[in-house]
1. Could you tally the net charge around F226, taking each other residue with its Cβ under 12 Å from the Cβ of F226, Lys/Arg +1 and Asp/Glu -1?
2. For K191, K410, what's the largest-to-smallest order of accessible area, 1.4 Å probe?
3. Which of these, D196, D254, D223, has the largest mean-square fluctuation under a Gaussian network model of the chain (Cα springs below 10 Å)?
4. Tally Lys/Arg at +1 and Asp/Glu at -1 over every other residue whose Cβ is under 13 Å from the Cβ of G110; what's the total?
5. Step through the table entries K148/K208; K208/K377; K169/K247; K177/K344, compare each Cα-Cα distance with 23 Å, and write down the pairs that go over it.
6. Using a simple charge model, +1 on the beta-carbon of Lys and Arg, -1 on the beta-carbon of Asp and Glu, nothing else, what dipole does the chain show about its Cα centre, in debye to the nearest 20?
7. Find the centroid of the Cα atoms in region 186-220 and in region 97-140, then give the distance between the two in whole Å.
8. DSSP beta bridges in the chain, what fraction antiparallel, as a percent rounded to 5?
Amino acid sequence: MASLLIRNIHTLVFADTACRNTPVRGAEMAQLPCISNAYLLCENDRIAAFGSMDQCPERADEELDAEGGMVFPSWCDSHTHIVFAAPREEEFVDRIRGLSYEEIAARGGGILNSARKLQACSEDELFESAYLRLLEVIGTGTGALEIKSGYGLSLESELKMLRVIRRLKTVSPIPVKATFLGAHAIPSEYKSRREDYIRLLVDEMLPKVAAEGLADYCDVFCDRGFYTVEETDYILKSAAQYGLKAKIHANELDYSGGVQVGVANQAISVDHLEYTGPAEIEALLSGNTLPTLLPGCAFFLGIPFGPARELIEAGLPVVLASDYNPGSSPSGNMPFVVSLACIKMRMLPEEAIVAATLNGACAMELANDYGSIAVGKKANVFITRPMPSVAYLPYAFGTPLIEQRILNGKVF
Ligand code: NIG
Ligand code: FE
């Protein structure tokens with residue numbers, strides 16, 4: 001057995017004696033249990049004990065002094081697209097010059113631009129660049145990650161992307177969940193016969209994806225100009241027959257009905273929700289689907305931010321994720337996502353931290369093992385520089401405050 005003891009922790013954040021594995025909702029999100037002047041003991045890859053320094057064990061195989069820094073549970077980023085062939089900064093400049101995201105997509109840019117580039121890229125090249133992004137997000141404190149396909153848009157290229165994600169799973173020090181997003185856009189060659197693409201997706205892609213065990217979830221971009229509610233319903237019901245649960249893109253561009261069709265199909269989460277009003281909130285209250293907000297996307301595209309306060313005040317469990325992708329959120333920096341949630345969506349720091357840790361773990365069905373500092377959970381945590389308070393982390397936006405990462409009970 002190998003043990004690691006961290007002493008002199010100024011604040012042990014989300015010290016969860018209840019070992020929660022369910023989402024924290026509504027007003028409860030503002031209650032972030034913390035212990036000041038604390039220690040944390042890991043044994044092998046799990047958390048074995050924590051508490052106040054008065055009760056600190058004498059020794060362990062390896063010892064670390066947090067020197068007054070704080071310890072947080074690693075971020076659980078439940079929505080990313082980190083497998084892609086190339087960045088799209090030329091579209092960023094087009095948007096600065098005045099084009100909208102939808103105008104760029106309508107011209108064959110956007111997701112179709114990424115698909116063209118990905119189709120021309122080898123599996124090895126895709127793996128190498130995605131692996132670097134995985135290391136990059138681990139650097140900013142991420143300790144569990146979901147990754148989507150959706151830049152393939154053909155049988156062969158969707159499988160290629162999912163195989164890259166499978167390789168990432170095998171080498172990654174953090175858990176990775178894979179989501180099949182063949183319904184991300186309609187490929188240009190199917191523009192005038194979209195039902196043929198949907199048939200290909202349901203009759204050929206889904207069976208192959210399921211037979212090879214390549215995906216944990218199925219996603220659809222249910223929004224204006226992408227997939228309709230009826231198409232989404234059909235794809236999600238077909239995926240369910242293969243045991244794939246839904247996690248969908250909804251209401252980014254309009255009140256699209258995406259939230260409602262997601263809830264009706266018992267989706268694990270509906271993500272984006274920039275366009276969310278009373279009807280969407282009512283639908284969410286009627287089921288267990290988690291509302292996931294992606295403030296990096298709203299920030300980068302200059303679209304409205306999701307209504308975090310209304311969701312929390314309705315008693316819902318908000319999730320925060322990065323949406324790291326080349327088109328609408330080219331960053332997987334979760335501390336910045338937490339800052340944006342506070343600054344632009346008026347989430348309290350405690351609410352944002354819960355949303356980006358335990359609630360994110362729930363949105364990947366990983367909360368038995370991740371998302372809070374609890375005895376028996378995996379020891380994935382990070383140590384910050386000395387900070388005066390928990391609120392300092394979102395306050396000092398863009399400041400690199402994370403000094404060390406512990407993954408599976410070992411310094412990474
Ligand atoms: O979550 N909205 C759909 N999909 C991605 C963006 C995809 C892209 O532009 O490449 C998103 O924002
Ligand atoms: Fe996305």
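The values are calculated or read from the model by the stated rules, or taken from the named source; none is laboratory data. Predicted model, so just to flag it, every value in this text is computed and none were measured. In this analysis, Cβ positions are derived from the backbone assuming ideal geometry, glycine residues included, and neighbour counts consider all displayed protein chains. Note: accessible area is taken over every heavy atom of the protein model, side chains too, but ligands, DNA and RNA are not part of it. Shrake-Rupley method; radii C 1.70, N 1.55, O 1.52, S 1.80 Å.
1. Numbers: positive: R194, R224; negative: E102, D219, D223, E231, E252, D254.
Around F226, the charge tally is -4.
2. Working: K191 155, K410 120 Å².
Solvent-accessible surface, decreasing: K191, K410.
3. Between D196, D254, D223, it is D196 that shows the largest mean-square fluctuation.
4. Values: positive: R88, R95, R107, R116, K117; negative: E90, E91, D94, E102, E103, D223, E252.
Local charge sum for G110: -2.
5. Values: K148/K208 16 Å; K208/K377 34 Å; K169/K247 19 Å; K177/K344 28 Å.
Result: K208/K377; K177/K344 exceed 23 Å.
6. The dipole of the chain has a size of about 200 debye.
7. 19 Å
8. Values: 26 of 57 bridges.
Percentage antiparallel, nearest 5: 45.
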